[in-house]
Amino acid sequence: MNQTTQILKTRRSCKNYKPQHVERQLIDEIVACGLNGATGRNMQAPIFVVVTNDDVVAKLSKLNADVLGAKSDPFYGAKDVIVVLCTKQAHTNVYDGSVAMGNLMNAAYSLGVGSCWIHRAKEVFYSPEGKQLLAEWGITEEVEGIGFCVLGYPNGEPVPKTIKDGRVYIVE
């Protein structure tokens, strides 16, 4: 098994993080991998917002929790977040953003950084508060929230998962 297939088979979502930020150099490397994700008609629709500011991460977590109707931190204490948005002009925007999210998480794992895909970005950025954040960040085009890729150093080992049987069909 080569290094890439090993990463793809062993990466797991991290849901418990140490209270420290990921080094900017590593975040830049992770984002570069997200930018290189396949996109329909090479439209390169995904947009990334790297958030390392503690107050903004907390605000995003609260907005996400509000959508969920929860009081707990849906970001699991992660100190850094990559917000993945996609321009609505691309007909494949959700798929393109999903590929980008996968690339971000696999790249993070390959660099020793834990990650997790947190949903509800669509709802967060349809809200008045979310639209205000987009404006503050200088994002003026019409976008859809795809996901929050939370990043941090794992506090413990992720739980291995069992792969369910019966999900592969071979037609020869």
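Straight-line reach from K59: taking Cα to Cα under 16 Å and skipping same-chain neighbours fewer than 8 places apart, the lysines in range are K71, K79, K122, K131.
Give the residues of region 133-158 whose amide nitrogen is closer than 13 Å to a point set 7 Å from the Cα of T10 in the direction of its Cβ. Counting only backbone N, you get 158. Taking every alpha-carbon pair under 8 Å whose residues sit at least 6 apart, the chain reaches a relative contact order of 32 percent.
Its Cα gyration tensor gives region 45-121 an equivalent ellipsoid. The semi-axes, each the square root of 5 times an eigenvalue, are 21, 17, 11 Å from largest down.
Could you compute how fast the chain diffuses translationally, taking Rh as the Kirkwood radius over C-alpha pairs and applying Stokes-Einstein at 10 °C with viscosity 1.306 mPa s? Give it in µm² per second. Answer, rounded: 95 µm²/s. Which of the lysines could a cross-linker bridge to K9, judged by Cα under 21 Å and excluding same-chain residues fewer than eight apart? Output for K9: K161, K164. Segment Q20..A135, full-extension length gain: 38.6 nm, with 0.36 nm per residue of separation and the alpha-carbon distance subtracted. Take the Cβ atoms of D54 and V94, set R0 to 35 Å, and the FRET efficiency comes out at 0.75. Extension gain for K71-Y153 works out to 27.2 nm (0.36 nm per residue, less the C-alpha to C-alpha distance).
Laboratory data are not the source of any read-out in this text; all were calculated from the coordinates shown. Bear in mind the structure is a predicted one, so any value in this text is a computation, not a measurement. A quick note on method: Cβ atoms are made from the backbone with ideal geometry, for glycine too, and the neighbour counts reach across all protein chains shown.
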